[in-house]
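The values are calculated or read from the model by the stated rules, or taken from the named source; none is laboratory data. As the structure is a prediction and not an experimental result, all values here were calculated from the model. Here the Cβ is made from the backbone with ideal geometry for all residues, glycine too, and neighbour counts use every protein chain on show.
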Amino acid sequence: MKQPLVILISFLIGLVFLLQAEIAWGQSGHSHSHDHSQDQGHADKGPTHLQVDYSFRSDAGQYTPPEPDEDGYYWWKGNLHTHTLWSDGDQFPEVATQWYYEHGYHFLALSDHNILQRGKRWVRPAGDDFVRGGMEVYELYRERFGDEWVETRRVDGELEVRLKPLSEVRALFEQSGRFRMIDSEEITERRHVIHVNATNIRDLIEPRSGETVEETIRLNMDAVMEQRKETGRDMLPHLNHPNFARAVTAEDMAPVENLRLFEIYNGHRGVLNFGNDDGIKGLDRVWDIVLTKRLGELGLPPVYGLAVDDAHHYEESDSETARPGRGWVRVRSRYLTPEHIVRALENGDFYASSGVEMQEINSDGSRYTVKVDPEEGVEYRIRFIGTREGYDPSSEPYVDAEGRAREDRTRQYSEDIGIVLQETTGSEASYEFQGDELYVRAKVISSRPKKNYFVEGEHEMAWLQPLLPGEHYGMEN
Ligand SMILES: [Zn+2]
Ligand SMILES: [Zn+2]
C-alpha cells in the first residue's frame with residue numbers, strides 16, 4: 001500500500017472537527033490505493049491546521065460494525081500477540097496497529113518481549129541496531145504518518161527516530177465501540193524458553209526462571225496473578241506457543257493452577273502447531289491430554305485455547321515468517337474494554353479462529369450446538385472431541401528413533417483420551433451429551449486451504465472451548 005498522507009495534529013481539536021473527519025472518512029469509501037486527489041479534497045474542506053486527517057486509519061471497506069445478539073453482546077475480533085520495533089517486530093507500532101485497524105479488528109495487544117511501550121525510546125534507522133528494514137521502514141512510517149507526527153533528532157550526526165509509547169498510538173487509533181488497545185507484555189524467559197503473555201498488565205514483569213519447565217510456567221503465570229491481586233486490575237496470563245523451540249509438554253502444562261489459557265494456534269512459522277514426526281504432538285492432542293488430566297485427575301478447571309498471530313513481519317517486509325492475520329479470537333462481551341475482554345477470556349466466552357467464523361455456539365446443558373457463518377463454495381467438517389469417564393489414564397514415554405525415552409516430549413496416552421465423539425459435514429451440528437464426558441469441545445475444519453498460512457496446505461479452522469455436561473452456554477451472533 002502506498003498512502004502518501006499528511007497528518008496535522010493540533011491542540012485545538014474540537015468535537016465538531018472530529019465528527020467531520022469521521023463522517024468524511026466514513027463516506028469517502030477509501031480504497032487501498034487511494035491517491036492524492038482524495039487527500040486534496042479532504043484538505044479543501046476547511047482550515048487544515050485545525051483538522052486531524054485520520055485517513056491513515058481508513059478500513060478500506062473491510063469493516064462492518066458488529067450487530068449485538070439478543071442479549072446485547074457483541075463478538076469482538078482481536079489479536080492478543082503482536083510485536084513491533086519495541087522488541088523484534090519490524091515496524092513502528094503505528095504501522096503495526098494500522099494493519100489491524102484496516103483489517104477490521106476491534107482490539108489489539110502489542111506484546112513486546114520483556115518491555116512495555118512506555119517512556120522515551122529512540123532508534124537509529126540507519127544504524128546496526130536497526131537491521132529490520134532500516135531506512136525503508138522509517139520512510140514508510142514517515143510517509144504514512146507525516147512529518148508532524150514522526151519525531152526525529154540527530155545524535156552525533158546520526159538520525160534517530162522516537163518509538164512512540166502505547167499511550168500515543170492509542171490516541172491515534174482508539175474509538176469507543178470500534179477499536180481498543182490492551183497493555184501487554186510477552187514475558188520471555190530464556191533458560192527454558194517459556195513465553196507468557198500478560199494481557200492488560202499494569203507494571204512490567206521480569207521473567208522468572210524455575211528449575212523445571214513446569215515450575216517456570218507456574219512462576220510466570222503466578223507473577224501476573226499476583227499483580228492482578230495487588231492492583232485490582234483485570235489481567236490474565238496465557239502460555240504462548242507450547243510447540244516453539246523445545247516444546248512444552250502436556251505434563252508440564254496440566255498441573256499449573258493459573259494456566260487457564262494457551263495458544264492452540266500461533267501464526268509464526270517457527271511454531272509446530274500441528275507437531276512433527278519427532279514426537280512433538282500436535283496441539284489439539286496436547287490440549288486433550290491437558291483437559292483430561294485437569295478435569296479427570298487433578299481437580300483443576302479447564303484450559304481454553306487461543307489463536308494469535310505473533311506477528312513480527314508486516315506486509316511491507318520481505319519475510320513471511322510471522323505475518324499478521326493468521327490467527328485471532330472472537331470474544332463475546334457487551335463492552336469493548338480491556339476489562340470486559342479479559343473477563344470474557346477467563347470465562348471461556350470466545351473462540352479461536354484461523355479463518356472460520358461462527359454464527360452460534362450454544363449449550364443447554366444436554367446439547368452442544370454450533371453453527372458456522374458459512375461462506376459460499378466452502379464446506380465444513382464439525383468435530384466434537386472429548387474424553388469419557390473411565391478412560392485409561394496410563395502413559396509411556398515417547399521413545400525417539402535412537403531408542404531414547406524423551407522427557408522433553410509429551411507422553412503417549414491411550415486412544416481413550418480426546419476421542420472424536422461425533423463428526424459431520426455441513427455448516428451446523430449438534431452433539432447430545434451422554435453425561436459421562438469429562439468435557440466436549442468442538443472444532444470446525446474448512447475445505448478451504450489457508451492463503452496466509454503458517455504451514456503450507458493448512459486449512460482454515462475454528463476451535464471452540466470445552467464445555468462440561470450440564471454446563472449452560474449461549475453465544476449467538
Ligand atoms: Zn514467544
Ligand atoms: Zn511473540
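General remarks:
- Selected residue [surrounded by 20 or more Cβ atoms within 10 Å (Cβ to Cβ) and either without any contact (Cβ under 8 Å) to a residue 12 or more places away in the chain or within 12 Å of ligand 1 (Cβ to nearest atom) (or both)] from 201, 187, 217: 187
- Top-ranked residue of region 240-252 - restricted to ones that are more than 23 Å from residue 82 (Cβ to Cβ) and not charged (D, E, K, R), ranked as farthest from ligand 1 (Cβ to nearest atom): 250
- Hits in region 253-277 (condition: within 20 Å of residue 351 (Cα to Cα), more than 13 Å from ligand 1 (Cβ to nearest atom) and not polar (S, T, N, Q)): 259, 260, 261, 264, 265, 274
- Residue in region 111-118 that is in contact (Cβ under 8 Å) with a residue 60 or more places away in the chain, more than 16 Å from ligand 2 (Cβ to nearest atom) and among the basic types (Lys, Arg) present: no
- Number of the condition not met by residue 199 [criteria: (1) within 14 Å of ligand 2 (Cβ to nearest atom); (2) modelled with pLDDT under 95]: (2)
- Tally, over region 53-103, of residues that are assigned to a loop (DSSP other than H, G, I, E, B) and either within 16 Å of ligand 2 (Cβ to nearest atom) or within 21 Å of residue 138 (Cβ to Cβ) (or both): 13
- Qualifying residue in region 156-171 (condition: within 27 Å of residue 408 (Cα to Cα), assigned by TED's automatic domain parsing to the domain that holds residue 286 and surrounded by fewer than 15 Cβ atoms within 10 Å (Cβ to Cβ)): no
- Selected residue (criterion: farthest from residue 203 (Cα to Cα)) from residues of region 213-241 that are within 16 Å of ligand 2 (Cβ to nearest atom) and not aliphatic (A, V, I, L, M): 241
- Verdict on residue 256 being of a type in the set (A, V, I, L, M) and under 18 Å from the mean Cα position of the chain (by Cα): no
- Residues that are without any contact (Cβ under 8 Å) to a residue 40 or more places away in the chain and either in contact with a Cys (Cβ under 6 Å, 6 or more places away or on another chain) or not β-branched (Val, Ile, Thr) (or both), drawn from region 408-421: 412, 414, 415, 416, 421
- Condition check for residue 262: out of contact with any Lys or Arg (no Cβ under 6 Å at 6 or more places or on another chain), in the same structural domain as residue 326 (by TED's automatic domain parsing) and either within 24 Å of residue 215 (Cβ to Cβ) or hydroxyl-bearing (Ser, Thr, Tyr) (or both): yes
- If you go through region 437-477 and keep only what is touching a Gly at 6+ places or on another chain (Cβ under 7 Å), outside any strand (DSSP E or B) and over 21 Å from residue 282 (Cα atoms), you end up with 469, 470, 471.
- First in region 66-86 and closer than 20 Å to residue 237 by Cα and of a type in the set (S, T, N, Q), second anywhere and assigned to a strand (DSSP E or B) and away from ligand 2 (no atom under 12 Å from the Cβ), Cβ under 9 Å, 6 or more apart: 79/107; 79/108; 79/307; 79/328; 79/329; 82/108
Here's the yes/no breakdown for (1) in contact with a strand residue (DSSP E or B) (Cβ under 9 Å, 6 or more places away or on another chain); (2) more than 16 Å from ligand 2 (Cβ to nearest atom):
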{"residue": "253", "(1), (2)": "yes, yes"}
{"residue": "260", "(1), (2)": "yes, yes"}
{"residue": "266", "(1), (2)": "yes, no"}
{"residue": "274", "(1), (2)": "no, yes"}
{"residue": "287", "(1), (2)": "yes, yes"}
